[in-house]
Amino acid sequence: MIVYQATKSKFLDHVHTSDIEELVQDVFVRKLGHGVGIAEVRSWRNSLESMAKVLTDVGIPADSGVAIEYNIPQTGKRVDFILTGLGEDQSPKVVVIELKQWEKSQRTEKDGIVSTFVGGAQREVSHPSYQAWSYAALLEDFNEAVRGMELRPCAYLHNHARDDTIDHRFYATWTERAPVFLKGEAERAKLREFIKKHVKYGDNINLLYQIENGRIRPSKMLADSLVGMLDGQPEFTLIDDQKVVFETVMAIAQKATSNAKRVVIIEGGPGTGKSVVAINLLAKLTRLKQNCRYVSKNAAPRSVYESKLSGHFKKSRISNLFSGSGGFVETVANTFDTLIVDEAHRLNEKSGLYANLGENQIKELIRASKCTVFFVDEDQRVTLKDIGVKDAIEHWARLAGADVVTMGLSSQFRCNGSDGYLAWLDHTLGVRDTANPLLELRTFDFRVFDSPNDLHQEIVAKNKINNKARLVAGYCWKWPSKNEPTAFDVVLPEFDFRKRWNLAKDGSLWIVAPNSVEEIGCIHTCQGLELDYVGVIVGDDFVIRNGQVVCQPEKRASSDKSIFGWKRLLTEQPIAGKQQLDLIIKNTYRTLMTRGMKGCYIYCTDNETASYFRSRIAEPFVATPDVAINTALPLEHKALSASNVIPFPLVKRKDVRPFENAVPLIELRFAAGMFGNTQVFDVDSVQWVELPDIYRPQPGMFVAQVVGESMNRRIPNGSWCLFRANPQGTRSGKVVVAQHRLISDPELGGSFTIKLYSSAKEQAEDGEWRHLRVELSPDSTDIRFEPLVFGPESAGSVSIVAELIGVIDV
């Protein structure tokens, strides 16, 4: 998906005649359903203005295509800037440009890694040339339309002087693949020549249309790529934090010794590439002749990997590459150079069939190796025996005298690259509160089915594509087929639905077995692995009552070993035990519902729970020709129960220094009339209040109470908020107080409202800009609130009275 696209000439018009960053932000919000931070908007303005200076060269065709913020399919990554056109021989050319605001950088000793000040601190990040190259590679991997196009990546750091750091010969491997252009007119000229070398003729954005609508290739599965990876082929392009983690671990692993043991903890959620990085490390370190092994407590990933390697490698080599976590009880200290422990959150304390061997698996793994790398996601602990948490690993590392390095992975590939889906899932399951209580169905296919048969039928249909769709369930059903093969396990008689657990026939290979789509998988046969589509049956151990998550361990099957001993736990630790059990149940469904790379479909055995999930899916926005305003909300939406007690210190009138030590307290309906151009108040006409220390009073600021539920995700009913009157600059993505004669807000009354602002503009023939559409959107947990949409005839009359600075007291 491309956020902004235009010809070069139109792009230059937008830069020179309007706020280009506002145009981009408007489209961004409309297409992606969320805004961006002020820092990114500022970087858009600076970088796009710099690119405009580059593109003023008449040698760059006026009708070449310009794309800003291209979202690479099936990932959470965006390409900053793309220029398209035709070469001398009329062949299609695509110039991929990574834009950076950096002013300085430092060289590191790691391949493709530099250090710079970003995100408020000095950090190691991928070199811009490597990033540009890797994004181009991803684009080629995922979009079939690009197959016939020639991609030319580069990086443009328009604030960074050439100083033999970012452009050091150490990075020649990547700067040769993707040249880096720096600060100054001479560098700008070099970038122009680079573009003109490849783009001779314009294409009138035809190539961008092809890229936008190109067929998306099936996602690579790690298991399917294993043979090539171990043979040294670059099956996966490591991007951003994945590259940093990989190179850092490589450096640490090669320096670790028996007397200088090292432990690396890598934290990352589902789909962040933990296993991809782990297998890449295994392949590279093995080629460097290290005694290295991939370790996982869960047998399913190992079994699947070993099955994929069978026939390509000798059994002895395969067995030397993979191991369970319980096989190091008697291993001599420092036997291995590096142990790579995937899914480390699933480690147990004891080992052996009867859990009676050894002292602690974390301790034994660290002892057995000079360098031990733990990949951890604590939110995927799904049994009472799981002990692999960061604190425990650090504890045993200290006792072993090992240095500890902690890193994180955040780049998202699973769930179609949707960070929003993962945040929504955490919020909906009650794992943690996030800013995503509603799911926008723009990038990930999530559905709630009315019957398990319909769910199964859809999974079977998806599985016919490439054998990468499966049905899974929580542990709310016993396993009678273990002893009686003709019996059924998961039975829902009201639907005549009968299926068997996977554990007997296919075992750990269930996720790749050709006929296992007729069986139901469990947490142990899918954790650590991935599918295209996953169907999840949510049992009665997870239900919703009156809008609240309720976990019921007693609804788990008595044969479920993951919470074995839960009654005793609640007797001994009623509060902590309940919290631990709740977390295991939530984590189980979180893990199951994040196995799909493209979609997750669910059926809930409890009707109230199904309704809850449906209520958390945002209805798609449908634009109307002019204005569509909901003036007839139910009375319950109009109930205003907020307190009118002023929670701020009032400043005596004789002590008021307007906008220096106090700001006025104003009702929202009077705000427009209170502020003129001079912003002078009659001190005696309003109350003045002292602001909290984190705010410095400034002209135009005022405090008002917001009552109602239409913005309750950002502004709880009755909140006291700080506003700025007559805001200047871009308004897109901001919460504003707006006025229009057609507004009849049922909560606030009158012709004004407080909503989230977005707009679309076009340039008329006379050069003036006019609004095509203004949208004032609610941001509420109640999806019955509808956006106010103003079309061309009325959008220009929407007046922005003020913008929200922040909620300062609820």
- Query: Which of the peptides 574-584, 47-57 is most tightly packed, and how do the rest follow, judged by the mean count of other Cβ atoms within 10 Å per residue?
  - Reply: 47-57, 574-584
- Query: Using Cα atoms only, what is the angle between the long axis of helix 38-55 and the major principal axis of the chain, expressed in degrees (0 to 90) to the nearest 10?
  - Reply: 80 degrees
- When DSSP assigns beta bridges and you keep just the ones with both residues in the range 57-208, what percent turn out antiparallel, to the nearest 5? 70 percent
- Message: Suppose only helical runs count, i.e. DSSP H with n ≥ 4. What mean residue ellipticity at 222 nm does that imply for the chain under -39500 (n - 2.57) per run, divided by all residues and rounded to the nearest 500 deg cm²/dmol?
- Response: -8000 deg cm²/dmol
- Note on the structure: Regression test value, accessible area per residue of the chain, probe 1.4 Å, units Å², expected 42 Å²
- Taking the Cα atoms only, what angle lies between the long axis of helix 274-287 and the longest principal axis of the chain, rounded to 10 degrees? 50 degrees
- Return the FRET efficiency for the residue pair Glu359, Ile646: r is the Cβ-Cβ distance, R0 is 45 Å, and the value is rounded to the nearest 0.05. 0.15
- Item | Simple label model, 7 Å out from Cα along Cβ direction - Glu150 to Ser310, nm | 4.7 nm
- Note on the structure: For the range 156-282, whose charge dipole is built from +1 on Lys and Arg Cβ atoms and -1 on Asp and Glu Cβ atoms, the candidate among Ile279, Leu230, Tyr209 with its Cα farthest towards the positive end is Tyr209
- Here the percent of antiparallel bridges among DSSP beta bridges lying wholly in the chain, to the nearest 5, is 55 percent
- Carbon + sulfur, % of accessible area of the chain - ligands and nucleic acids excluded, 1.4 Å: 48 percent
- As straight-line cross-link partners of Lys314, the qualifying aspartates and glutamates (C-alpha separation under 17 Å, not fewer than 8 residues apart within one chain) are Asp231, Glu306
- Query: What is the spin-label model distance, in nm, from Lys578 to Ser451 if the labels are put 7 Å beyond Cα along the C-beta direction?
  - Reply: 3.9 nm
- How high is the relative contact order of the chain, in percent, with contacts defined as C-alpha pairs under 8 Å that are six or more residues apart? 10 percent
- Task: Mind giving me the nanometre distance, one decimal, between the label points for Arg317 and Thr486, set 7 Å out from Cα along Cα→Cβ?
- Result: 4.7 nm
- Please give the helix 8-17 orientation as an angle from the longest Cα principal axis of the chain, in degrees from 0 to 90, rounded to the nearest 10. 50 degrees
- Item | Whole-Hz couplings from phi, Karplus 6.51/-1.76/1.60, listed for the range 449-456; x for Gly and Pro | 9, 7, 8, x, 5, 5, 4, 4
- Message: For the ranges 371-379, 126-134, 517-525, what's the packing order if you count other beta-carbon atoms within 10 Å of each residue, average per peptide, and put the highest first?
- Response: 126-134, 371-379, 517-525
- Item | Nonlocal amide H pairs with Asn360, under 5 Å, H built at 1.01 Å | none
- Query: Can you list the residues, at least 5 places off or on another chain, whose amide H is less than 5 Å from the amide H of Gly474, using H built in the peptide plane?
  - Reply: Ile537, Gly539
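The values are calculated or read from the model by the stated rules, or taken from the named source; none is laboratory data. These figures come from a predicted structure and were not determined experimentally. Reconstructed Cβ throughout: ideal geometry from the backbone, glycine too, with neighbour counts over all protein chains shown. Accessible surface is based on the protein model in full, side chains and every heavy atom, while ligands, DNA and RNA are left aside. Shrake-Rupley method; radii C 1.70, N 1.55, O 1.52, S 1.80 Å.
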